[in-house]
Structure formats: C-alpha cells, structure tokens
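Scroll down for the structure; my scribbles are underneath it.
A short reminder: the numbers here are calculations on the coordinates, not readings from a lab. Note that the structure is a prediction, hence the values are computed from the model and not measured. FYI the Cβ positions are ideal-geometry reconstructions off the backbone, even for glycines, and counts take in every protein chain you see.
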Amino acid sequence: MGITITRTDSRFETLKMGHNLRFPASDEDAADQIILCSSAEDTADALRKVIAAGIRPTVRSGGHCYEGFVSSNPHGAIIDLSLHNTVERDEKSGAYCIAPGAVLGDVYLSLYKRYNLTLPAGSCFRVGAGGHISGGGYGVLSRLYGLTSDWLTAVDILTVDADGTVVPRRVDAGHDPDLFRACRGAGGGNFGIITRFHFEQLPAAPREVATITLFFPWENLTEERFSSLLMTFGDYWEGRGRDPDTWGMFSLLEVAPQSSEHLTLYTQFCQHDGTASDLGVLNEFLDRFAPFQPMLMPPRSAPVAAQRSATDTRHASSHKNFAPGARLTPWLEAAVGGGGSGGSARAKYKSAYMKRTFTRAETDVFYRFFTSNDRSAQGSVVSIDSYGGAVNRPDLVPATAVAQRSSVMKLQWQCYWSEAADDARHLRAMDTFYTSLYTGSHVDPDHQGTPWGDRYEGCYMNYADIDMLRYSYWPGLFYGREGLYPFLQKVKRRYDPNNIFHSSMSVRESYD
Amino acid sequence: MRAERYFFEGPENFTRRSFLLGLGCAGTSWLLAPFAAGRVKHIATKEILLCVGSFTREDAGTLHSVRMQGGRCERISSLPLPRPLSLVRHPRQPIVYVASGVHLHAHEPRGVVEAILVDPKTGSLNRVARQPLSLSATEPRSLAISPNGERLVVAAFGGGAYNVLPVDAVGIPGPPAAILKQVGRGSASLEPKRSHPAAVLFHPREPWAVAVDSGAERLDLLHVQHGTESTTGSRVASRISCPEDSGPCGLALHSDGSLLVAIHRLRPALSTWQIGSSGQLSAVTETPFDRTPTAVAFHPYDDVLYLASRVSSQLSRLEMWRVQVPTGVLSREAELSIRCGGIAAIEEVSSRLCLAAETGLIAVDLETATAVPTGSHTAADIAGACCLTVLIES
C-alpha cells in the first residue's frame with residue numbers, strides 16, 4: 001500500500017515539487033496528492049485508484065523533469081516511485097533489474113559492487129532511472145557503450161486498457177514488441193508506468209579512467225579565438241572522434257558567461273578494455289587545445305605555472321603517452337565521486353543534436369550572448385557534449401525509439417535563477433538566444449529557428465522544451481523524420497487508448 | 001491555466017461596477033431568466049436576440065448575433081471564433097459561453113471555453129475571457145451552466161473528460177475546479193474505442209448534470225460541487241450503460257428535471273429515462289427510429305419533445321412527440337419536412353422553433369394551442385450553423 005500525501009500533510013509542500021522549482025507554477029497547478037510507492041504492486045494499486053476517481057496521474061522517479069509535465073497536475077495525483085528503487089539480479093532470468101526509483105548514483109554503486117558492471121547512463125547521480133532510461137539516457141560512457149536504453153531487453157510496465165483496467169505487462173522483443181520499442185527512448189509519461197527495467201547483459205565497468213579539466217580564461221578569448229576554440233572542439237568530434245579508438249573518450253565543453261571568467265573542458269578517457277594504460281588518444285585530443293593556453297586550475301586560483309605543459313609529469317607518468325595534467329582515477333570514483341546534480345532552482349533547458357562542427361555564424365551567436373550584460377546570460381551555460389561513437393548505430397533505429405544516430409555533439413542550454421518574478425525575462429532570453437542560433441541561411445525557410453536540416457538532428461526528449469511546441473513539426477525534432485512518431489502514435493492508441501498518460505509533449509493521437 | 005481576460009478599459013480599472021457599466025445597463029432584468037419564467041406562452045411579436053455559432057470548411061468558425069422579429073432575422077454582429085460547437089447563456093449576465101471545439105490552445109492539447117459579452121442594445125459581441133480547459137480535454141462539444149450561474153460543466157469529446165469551471169459573480173469562468181477523466185470501451189463502430197462525452201445538461205434544481213458519453217455508450221450523472229469551500233467535490237456519481245453499439249449522442253431534459261431523453265445515432269433510436277429524487281436514472285422506453293436523429297429538445301413550457309433527423313443532404317425531418325411526463329411514455333403527434341441540411345440544434349424562441357442547420361438558421365412556426373410545427377423558412381443564411389441560444393427577449 002502506497003503512502004498518500006495530501007495537502008494537509010506537512011510533507012506536501014516539499015514533495016509537490018520536483019527539481020525545477022518553476023513547477024508547479026502556483027498552488028492551483030499542484031497535484032492534490034502524491035502517492036509514494038515502494039513496489040510494482042503499490043504502483044498498480046495507486047494507478048487503479050486514480051483511474052477509478054477520474055484523476056490524472058503523473059509519474060515521478062527522480063523528479064528531474066525539465067518542464068512541468070509531472071509537478072503541474074491540477075487536481076491530479078503524482079505517483080512517486082522514488083521508494084521503489086531496487087537494483088538486483090533476477091534469479092530466474094539472470095537479468096539485471098533496475099526499479100524506476102533508483103537514482104543513477106546508486107545504480108552505478110550497486111552494479112559495480114555486486115557484479116562489476118555498469119550502465120552507460122547520465123552523470124547526474126540524483127536523476128532517477130525511470131525517466132532517464134525511458135527517454136534514451138546517455139552519459140560519459142555512451143560513446144563507448146551506447147545509450148542506456150540500447151541495453152534494455154525487457155520492461156515491466158502497467159498500462160491502462162480502454163475499460164480502465166490496469167494491465168501489468170512484461171514487454172520485450174517477443175512480447176508486445178511495439179510497446180517495448182517505444183519504451184526504448186520515446187520518453188516517460190506516454191504509455192504507462194514502468195515498474196522495472198531488465199537488462200540481460202551490461203557492459204563491464206571500466207577499471208580506471210583518465211580525467212582532466214582544462215580552463216580557458218575569457219580574458220584570452222577574442223571573438224576570433226572563441227570561435228576557433230569551439231570549432232576545434234567540434235572539428236575533432238566531426239572528424240577524428242568518429243574513429244573507434246576514440247570512443248572511450250567523452251568530453252564536455254562548458255560555455256559560460258564572461259563574468260564566470262573561463263570556459264571549462266572536462267574530458268574522461270578509457271580504452272575499450274576498460275583501462276587507461278595508453279593515453280595517446282587523450283593526449284592527441286588535448287594537444288589540439290594548446291594554442292588556447294588552457295589552465296589546469298580556474299584562472300583566479302591558478303598561477304601561470306599551472307598551465308598545462310609537456311613538463312608536467314605529476315600524474316599518469318607511468319602510463320604510455322601520458323597526458324600532462326590528467327589524473328588516473330578508479331572508474332567508480334570518477335562516476336560517483338563528483339556529487340549529485342546540483343541544488344534545485346528555477347531553470348530552463350533546451351537542447352540540440354549537431355551532426356557537424358560549428359560554423360562561424362553559430363559561434364558568433366554564442367559569443368554575443370555570453371559576452372553581453374544580459375542578466376539571463378549571467379545565469380546561463382551551454383554544455384556541449386561529445387556524442388556519437390557506439391550511439392551512432394543505424395541498425396538500432398528500427399529497434400529503439402531514439403532516432404538520432406548520426407550526431408557528433410549534443411548541446412544542452414541551461415539557465416538558472418531564483419525569483420519567480422524573473423521567469424518571463426529568462427524564458428524569453430533563452431528562447432531568443434536559442435532561436436537566433438538556428439535562424440539564417442543554414443536552416444531552410446520552413447524550419448527557421450530550429451535545429452533542423454543537414455547539420456542538425458533535432459532535440460533530445462529528456463531535455464523537454466515546450467518552446468518547441470510552437471512548431472507544428474515538433475515531433476520531427478524529437479523523434480526524427482523517418483516514421484518513428486507515427487509508429488509511436490499507433491503504440492499510444494493501442495496501449496493507452498484513453499490517453500491517461502499525457503503531458504503537453506506526450507505522444508498525441510493525431511499529428512497536431 | 002488561468003483565463004485570458006479581455007477588458008474594455010484596461011485591467012487596472014476592471015471592477016464589477018465598471019464591468020456592469022460596460023454593458024450599458026444598470027441591471028440585468030431584461031435578460032430572459034430561463035428557469036424563472038414559469039410555464040407562460042410567449043407572444044411571437046417580441047424582438048429577440050439570438051446567438052448562433054457556425055463553422056464550415058471555408059470558415060474556421062464564427063459567432064453571430066441575430067435579431068429576430070416576427071420570424072424575420074437580421075444578422076447584426078459576428079465574431080470569429082474557432083469551431084463554436086455549443087452555446088449556453090449565463091442565467092443573469094449578458095454573457096454567452098462557447099465551447100470552442102479545438103484540439104490545441106497555445107500549442108498544448110486542450111480545448112477552450114470562450115465567454116462572450118453581448119450588448120443588448122447593439123448586439124455587438126465582445127470576448128471577455130478565454131478559459132483553457134485541462135490538459136488533454138480537447139474538442140469540447142457541449143457545455144451547461146448551473147441554474148445559479150456558478151458552475152460550467154464542459155464535455156470534452158476528444159479528450160474524454162469533463163471539466164467543471166467555476167464562474168465568478170460577473171460571469172468570468174476560472175480554471176477547472178474539477179477534472180474528471182473518463183475511461184470506457186467505446187462502440188465497435190467508433191474509432192478510437194474510448195470515452196467521448198458528447199452532451200451535458202444541468203438539472204434545473206439539483207446540483208447535478210446529466211451527460212451522455214457516446215464513446216463509452218453510457219449516461220453519466222455528475223454531482224457538481226458548488227461554492228468555494230472545496231474544489232474537489234465534483235464527481236461522477238453514477239453511470240448507466242446504454243445498449244451496445246447504439247451510439248448515444250444527444251440529450252434533452254424536461255423542464256421539471258424528471259425526464260431525460262437520449263438520441264442514438266448508430267442504431268437510430270430515442271430512449272427515455274426517469275430521474276429519481278436522488279438522481280438515479282431508470283430506463284423507461286426505447287423507440288427505434290428509421291433515420292439518424294441529429295438533435296432533440298423539449299419545449300420549455302409544454303410537455304412536448306421535438307426531434308430532428310436527416311433524410312438526405314438537403315432534407316431533414318422535424319417530429320413532434322407528446323410526452324406523458326409521469327410515465328415517460330412518448331407518442332408521435334406530427335412531423336414536418338424541412339428543406340435544409342442536417343439540424344444540429346433546436347431552440348424554442350417565443351412560440352417558434354429556431355433550428356441551427358447546415359444550410360442556415362431555420363424558423364419553424366408552431367401552432368399556438370398545440371405547439372405542432374406548421375411551416376418553416378430560412379430565417380438567416382448562416383452556413384454551417386451548429387448551435388444557438390436565445391439571449392434576450394424584449
């Protein structure tokens with residue numbers, strides 16, 4: 001039996017919210033109840049009750065939905081799965097089973113300590129498995145091992161049939177294969193409630209990784225050099241980064257405002273054998289950034305001597321092709337040692353997949369925004385993640401619900417602030433910034449303002465962004481142009497005929 | 001999601017007093033009071049103001065105000081308004097609520113209810129509020145207002161849900177006070193097979209609304225919470241199944257609230273139901289029909305039922321049935337063939353009937369003593385007329 005938290009409960013004000021404090025936008029928008037479930041049975045009971053009462057259920061695992069798809073649920077019920085969080089091996093099937101409420105950090109710890117395995121998933125450790133895996137899921141090991149949902153072999157899911165009956169299903173390639181495919185990346189809150197993810201196999205956890213963080217002081221970055229830096233990063237992933245020997249390398253270039261004093265490049269590397277015994281690939285990558293005089297410490301705390309140089313042999317010197325400034329770290333420490341996913345704040349996020357490196361026109365847009373005095377720019381960052389590698393397997397397109405299999409970078413826009421009164425200003429600024437990047441002759445006239453066309457591959461469903469709804473072709477941005485969305489609409493009609501599970505960006509019955 | 005409000009003098013000046021002054025009148029006594037009028041026959045020479053909604057392939061939707069006198073109509077104002085599928089007037093304010101049967105509002109899947117202020121002198125139409133429905137409550141097809149004007153119940157056909165909206169003292173609807181998502185396996189003849197609330201009517205005295213779900217093929221009795229003390233009291237209090245594959249699609253409720261008539265379009269029929277004192281529904285009769293019924297309405301003062309059916313694309317039939325209210329027995333008494341497309345709505349207007357038909361607004365003369373329809377003519381060329389309501393009789 002789940003625990004029902006109503007408005008009179010002292011926990012309600014805390015539990016009504018997720019990570020993004022913009023939601024619920026008002027007391028009226030909040031759900032009337034939160035039902036905390038510790039098992040699949042609890043979840044089924046809770047779902048039966050809310051269906052019988054005509055209440056809209058939304059589903060929460062870690063609470064990191066970027067939009068208000070879960071927390072904004074007027075008169076509704078949040079079915080909270082955070083207490084349903086086991087990570088275990090099914091004795092019968094031998095599959096590794098992850099409950100949706102498990103947070104990624106605990107998943108890594110359990111899989112590593114019990115089985116010496118891991119999951120190629122996100123680096124934010126408080127993110128819940130439920131939403132993350134449903135939307136595809138990717139992270140630091142994805143270039144090496146693929147997307148999280150690529151490894152899924154079965155899912156336990158509760159659907160609601162036309163009569164309103166809650167139907168528990170185990171779906172896989174042989175049972176309800178259409179629903180199984182949809183559960184491999186279409187995003188949470190569409191078809192039912194997943195109560196367990198099954199993985200017949202998982203990749204071995206790397207033994208060690210080499211990590212390095214470089215800082216590029218803004219004071220060294222003219223517009224020209226800024227542009228060159230971004231292009232250097234993009235060129236690598238468009239070119240050399242496609243080679244399999246680089247797939248063990250993940251890099252994140254964080255572009256932050258001038259007031260933050262620097263841009264940050266975080267890189268992690270291991271070889272296919274899970275070691276970091278030969279850092280030649282890493283070194284080659286890092287050498288490309290030498291002209292930009294990166295530093296190993298943030299500018300304020302770093303003396304000039306801390307610049308990365310060939311004479312620095314403090315770390316990794318016993319390894320072949322050691323990379324100056326890099327640290328060799330046990331993989332587990334690199335995976336879970338860094339902490340969580342930041343504190344809660346009011347926030348807005350956007351995303352884009354890139355199939356090519358940056359153009360000068362694009363880098364100029366970034367430069368103008370981040371060197372402006374705009375208040376929104378001061379609270380913003382764009383994370384440019386390396387992508388591709390094992391993700392870009394065309395054979396997985398028809399087997400999963402992730403269409404983007406050609407990109408080399410994935411961008412995440414983030415803007416954070418604290419006051420509700422500033423919501424409109426920041427939302428507008430982010431929208432303008434993002435739209436301007438995709439406006440011009442590089443995008444065809446019918447898709448201006450969106451990452452559409454030969455250079456781009458749309459947006460990531462786990463970085464939900466309701467601004468994109470204003471484009472009639474928004475499903476094409478998130479699900480590609482090759483028929484995935486019509487397929488998902490069929491799945492929706494079949495398994496959720498009443499549209500019980502819905503949000504403003506859920507799969508719709510018709511292509512509106 | 002809160003209503004978008006539309007003001008004449010700017011939001012900072014909006015008060016109940018300025019609102020009423022904006023109407024150009026000090027009071028509201030000129031409005032037809034629908035449940036206070038009693039069983040009094042009206043005189044056909046009155047000047048009447050009607051609101052008519054229409055949409056066609058060429059016209060995304062329009063709300064018209066029409067002045068009617070002596071069976072002649074003059075269209076005096078119009079307001080573009082997407083897919084106006086159902087109209088209801090406030091019992092005291094000069095406001096008409098329109099179910100705008102859209103799939104999307106502000107790019108989100110939800111329908112909309114519009115509140116339109118009607119100037120009684122000029123007939124001009126001004127939007128005063130646009131209230132989005134709950135997420136996924138798409139294609140609202142019918143709406144009803146409580147006799148005290150405090151609650152609107154909306155049947156969202158596409159989204160399979162009812163929304164209960166609070167209405168403030170000056171007639172502005174607020175965000176849903178209750179959202180009742182429906183489930184139910186629909187008829188084999190309908191795709192998709194799920195709930196499609198199609199029509200809703202308020203009981204004249206009790207806090208109930210009766211609704212028909214053409215997808216789930218049932219009648220729903222909704223208990224509607226009034227007042228502000230609770231926003232969650234509204235619920236579906238009871239349900240009763242209609243015959244499978246009958247496709248119930250329309251409702252009429254006798255003015256005393258004791259007798260309900262449903263029309264069925266898949267297996268054409270007319271079914272009657274008695275409503276008990278505590279709201280229980282019990283079936284009385286089902287009368288098979290030889291054509292697909294398209295609209296039904298009780299005469300507001302006589303024990304008479306009017307039923308429209310489609311004969312062909314250019315011909316409809318209007319039947320008059322006498323009703324024995326205590327028993328629920330119906331007997332057909334007269335019929336009239338009318339050269340018009342499908343009739344979507346019937347309204348008694350001062351001893352006449354007005355019909356919203358595909359080909360226009362049709363006026364039907366009634367014999368004064370018996371309420372038998374005797375003749376018809378096109379009163380206004382409003383193509384795609386699909387709903388209407390009477391605003392003012394003066």
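Placing +1 on the Cβ of every Lys and Arg and -1 on the Cβ of every Asp and Glu, with no other charges, gives the protein assembly as shown a dipole of roughly 380 debye about its Cα centre. For a paramagnetic label modelled on A:Arg288 (point 7 Å from Cα along Cα→Cβ), amide N atoms under 20 Å away belong, within the stretch A:241-260, to A:241-256.
Taking θ as phi - 60° and the Karplus parameters 6.51, -1.76 and 1.60, the scalar couplings of the stretch A:467-477 work out to 4, 6, 5, 6, 9, 4, 9, 4, x, x, 5 Hz in sequence order, x denoting glycine and proline.
Across the stretch B:108-116, rounded Karplus estimates of 3J(HN,Hα) from the backbone phi angles (6.51 cos²θ - 1.76 cosθ + 1.60, θ = phi - 60°) give 10, x, 7, x, 9, 10, 9, 10, 10 Hz, Gly and Pro being marked x.
What 222 nm value per residue comes from the helices of the protein assembly as shown, counting each DSSP H run with n ≥ 4 as -39,500 (n - 2.57) and dividing by all residues, nearest 500 deg cm²/dmol? Don't skip to the answer; put the middle values down first.
Values: 15 runs with 125 residues, N = 906.
Taking each H run of at least 4 residues, the total per residue is -4000 deg cm²/dmol.
Direction-averaged projected area, Cα convex hull, chain A: 23.1 nm², rounded to one decimal. The Cα center of the stretch A:172-241 and the Cα center of the stretch B:249-272 differ in position by 58 Å.
Candidate cross-link partners of B:Lys121 among the lysines, defined by an alpha-carbon separation under 23 Å and a same-chain spacing of 8 or more, comprise B:Lys46.
The mean sequence separation of alpha-carbon pairs under 8 Å and at least six residues apart, normalised by the residue count of chain A, gives a relative contact order of 16 percent. Modelled spin labels at A:Thr14 and B:Lys46, positioned 7 Å past Cα toward Cβ, are 6.3 nm from each other.
Calculated over the stretch B:285-394, the projected area of the Cα convex hull averaged across directions stands at 7.1 nm². Mean partner shielding of peptide B:103-109, defined as the number of other chain Cβ atoms within 10 Å of each residue Cβ, is 6.
Paramagnetic label reach from B:Arg205 (point 7 Å along Cα→Cβ; backbone nitrogen cut-off under 15 Å): within the stretch B:289-333, residues B:326.
Here the stretch B:43-132 has an Rg and Dmax of 13.8, 48 Å, counting Cα atoms alone.
Work out the FRET efficiency for B:Ile240 and A:Asp245 from their Cβ-Cβ distance, taking R0 = 56 Å, and round it to the nearest 0.05. Result of the calculation: an efficiency of 0.20.
For the pair B:Glu74 and B:Val325, a Förster radius of 35 Å applied to the C-beta separation gives a FRET efficiency near 0.40, rounded to the nearest 0.05. Considered as an equivalent ellipsoid built on the Cα gyration tensor, chain B has semi-axes of 29, 26, 20 Å, the largest given first.
Between A:His272 and A:Arg393, what is 0.36 nm times their sequence separation minus the Cα-Cα distance? Round to one decimal in nm.
In short, 41.9 nm is gained.
Against chain A, whose longest principal axis is taken from its Cα atoms, helix A:423-437 shows a tilt of about 60°.
Out of every Cα-Cα pair that the protein assembly as shown contains, those further apart than 36 angstrom amount to 54 percent.
Let me know the longest stretch in chain A that avoids all GluC sites (Glu not before Pro) found in a DSSP loop with at most 15 other C-beta atoms within 10 Å.
Details: sites that count: A:Glu91, A:Glu200, A:Glu261, A:Glu419, A:Glu482.
The answer is A:262-418.
Which angle between 0 and 90 degrees, to the nearest 10, do you get for helix A:360-370 versus the longest principal axis of chain A when only C-alpha atoms count? Approximately 80 degrees, to the nearest ten.
Quick one: grab the alpha carbon gyration tensor of the stretch A:319-459, order the square roots of its eigenvalues as a ≥ b ≥ c, and give me rounded if a/c is under 1.5, else prolate or oblate depending on whether a/b is larger than b/c.
Because a/c hits 1.5 or more and a/b fails to exceed b/c, the stretch A:319-459 counts as oblate.
Placing +1 at every Lys and Arg Cβ and -1 at every Asp and Glu Cβ, with all other atoms neutral, what dipole size does the stretch B:199-331 have around its Cα centre, in debye to the nearest 20?
Working: 10 positive and 13 negative charges, 46 e Å.
In debye, rounded to 20, the stretch B:199-331 gives about 220.
Karplus-derived 3J(HN,Hα) values for the stretch A:142-154, using 6.51 cos²θ - 1.76 cosθ + 1.60 with θ = phi - 60°, are 6, 5, 7, 10, x, 7, 4, 6, 5, 8, 5, 10, 6 Hz; glycine and proline are entered as x.
Distances between placed amide hydrogens fall under 5 Å for B:Val112 paired with B:Ser100, B:Val102, B:Leu133, all partners being 5 or more residues away or on another chain.
What FRET efficiency would be calculated for the residue pair B:Arg339, A:Arg48, taking the C-beta separation as r and a Förster radius of 45 Å, to the nearest 0.05? Present the calculation step by step, with values, prior to reporting the outcome.
Values: r = 54 Å, r/R0 = 1.19.
So the FRET efficiency works out to roughly 0.25.
Model label sites at B:Thr122 and A:Glu482, defined 7 Å from Cα along the beta-carbon direction, differ in position by 6.0 nm.
Seen from B:Gly257, the other residues with C-beta closer than 10 Å to its C-beta sum to a net charge of -1, counting Lys and Arg as +1 and Asp and Glu as -1. For the peptide B:135-141, the mean number of other protein chain Cβ atoms found within 10 angstrom of a residue's Cβ is 4.
Which of the pairs A:Lys16/A:Lys49; A:Lys410/A:Lys492; A:Lys92/A:Lys490; A:Lys16/A:Lys348; A:Lys16/A:Lys350; A:Lys348/A:Lys410 have their Cα atoms more than 22 Å apart in this structure? Walk me through the numbers on the way to the answer.
Working: A:Lys16/A:Lys49 19 Å; A:Lys410/A:Lys492 28 Å; A:Lys92/A:Lys490 33 Å; A:Lys16/A:Lys348 19 Å; A:Lys16/A:Lys350 24 Å; A:Lys348/A:Lys410 17 Å.
Long pairs (Cα-Cα over 22 Å): A:Lys410/A:Lys492; A:Lys92/A:Lys490; A:Lys16/A:Lys350.
Distant-in-sequence amide contacts of A:Gly122, defined by a placed amide H-H separation under 5 Å and a gap of 5 or more residues or a different chain, comprise A:Tyr138.
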